[in-house]
Amino acid sequence: MSQIYTQVRKLAEQFIEPYADELDQKKEFPVQAFKELGKAGWFSLLIPKEYGGMGLTLKEHAEVCMALAESSASAGLCYMMSNVAVNCLNLFGSDQLKQKIFSDIVQNQTFAALAYSELGTGTHFYITDATAQFNAEHAVFNGLKSMVTSGNYASYYLALLPSENGETIDNWVLPLGTQGLTFEADSWNGLGMRSNVSCFMRMTDMPLDRSWRIGEVGTGAEQVFGGIAPAFICGLAAVYSGVCKAVLTEAIKHSTHRKYTSGTALAEIETVQIHLAKIYANTNAAVCATRDAARAATEGDADALAKLLAARIVASENAITLAQIGMRIGGGKAYNKIGPMERYLRDALASQVMAPSVDVLNIWLGKAITGQQIP
């Protein structure tokens, strides 16, 4: 267990865990928790030291995401998105753009998010139906992004939009408050991950100075697969590993405290012991796979991509299976929404559709291990 994981768990236990169920019920963003994360400097985790950040790696990224998700998958997801945006900016952004955004994150505790998904292209978020017009200084965009996590709470949103050449895509930073940029909060009523407040983001004749474009014209797809995907997939593996850990903790707690009138605890029944053993074993598998994948990506191992894809698949599928078993252990209380197990199940189910979906990830993994092009 890393020191960073332990530090963030303490923060999460104080500022996230006591409010997670209420925020889930009300579909409200964890505002206070994110203020505390900002004050502690965690939004600067991947910002290089020369810009005032911590200068850490995907290994620490995974630890923080996992620690937060163990208390709230929504909080872990929203935090993860900010790190992914920072990582992309660091790899591909101009020095001017990095100075502007990184200094704001470090000094003002702001954070970022991703705005890639669209209704027409679903989990293939590297395709856009938005339209663009260009002049000497500005680009003007029209379009609708769906499932924008931290909608109207993050200060910067990374969005894939059409390139000036009409054939490729570019990656842009959209600052909160930009003219023509609006969020439709009432579009969100998720089954799980409810306090990530994913919603529609509409661009209506939205002008952007060219300085907000990340990298050269036409490099959006390169950025998605070279910068966004590794940190994103690693982060999601960590988030769902955190859900597995939360399921394990709750299952042990309930089975050891729930007793029959005879005094026998649920945990003393062999069938329950089998269930608990499976939850533990598969939680350990998800956590170990995630940490090894994060290490492989950080150290540049040849099989890093395959390990990242596998970790995300294992963590996502295990979270669903283990939460279902956890509901069986919880019995009537769990089904009556007493305790957090029902929330863990709903949060786990979101992993099936979180882009890239598990089906897409399996295709990519099959390609990766046989030396084929992705996508």
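Restricted to Cα positions, what overall size does the chain have along the principal axes? Three whole-Å values, descending.
Projected onto the principal axes, the Cα atoms of the chain cover 80, 45, 40 Å.
Subtract the Cα-Cα distance of LYS337 and GLN7 from 0.36 nm times their separation in residues, and report this length gain in nm to one decimal.
Between LYS337 and GLN7, full extension yields an extra 115.8 nm.
With the cut-off at 20 Å, tell me which of the pairs LYS10/LYS39; LYS26/LYS253; LYS145/LYS367; LYS49/LYS98; LYS245/LYS278 have Cα atoms farther apart than that. Could the numbers behind the result be given before it?
Numbers: LYS10/LYS39 14 Å; LYS26/LYS253 26 Å; LYS145/LYS367 29 Å; LYS49/LYS98 12 Å; LYS245/LYS278 12 Å.
Listed pairs above 20 Å: LYS26/LYS253; LYS145/LYS367.
What is the distance in Å between the Cα centroid of the range 140-189 and that of the range 1-61?
One Cα centre to the other: 24 Å.
Say we join alpha carbon atoms closer than 10 Å with springs in a Gaussian network model of the chain; which of ILE269, ILE214, ILE16 then has the biggest fluctuation?
Looking only at ILE269, ILE214, ILE16, the biggest GNM fluctuation is shown by ILE269.
Can you pull out the GluC sites (Glu not before Pro) in the range 86-178 that DSSP calls coil and that have at most 10 other Cβ atoms within 10 Å?
Of the GluC sites (Glu not before Pro), the ones in loops of the range 86-178 whose Cβ has at most 10 other Cβ atoms within 10 Å are GLU137, GLU167.
Using only the Cα atoms, what convex hull volume per residue in Å³ does the range 76-190 have?
Each residue corresponds to 124 Å³ of Cα convex hull volume.
Be a star and scan the range 222-254 for residues whose amide nitrogen sits under 17 Å from the point 7 Å along the Cα-to-Cβ vector of LEU91.
Answer for this model: 222-238.
Between ARG295, ARG328, ARG258, which gets the highest mean-square fluctuation from a Gaussian network model of the chain, Cα cutoff 10 Å?
ARG258
What is the sum of charges around GLN133, taking Lys and Arg as +1, Asp and Glu as -1, for the other residues whose C-beta is under 10 Å from the C-beta of GLN133?
With Lys, Arg at +1 and Asp, Glu at -1, the net is -2.
Multiply the residue separation of THR57 and GLN133 by 0.36 nm, subtract the distance between their alpha-carbon atoms, and state the gained length in nm to one decimal.
That pair, THR57 and GLN133, stretches by 23.6 nm at full extension.
What does the extension gain come out to for ILE363 and TYR260, with contour length at 0.36 nm per residue minus their alpha carbon separation?
32.3 nm
A short reminder: the numbers here are calculations on the coordinates, not readings from a lab. Remember, predicted model here, so these are calculated numbers, not experimental data. As a convention, Cβ positions derive from the backbone with ideal geometry for all residues, glycine included, and neighbour counts pool all protein chains shown.
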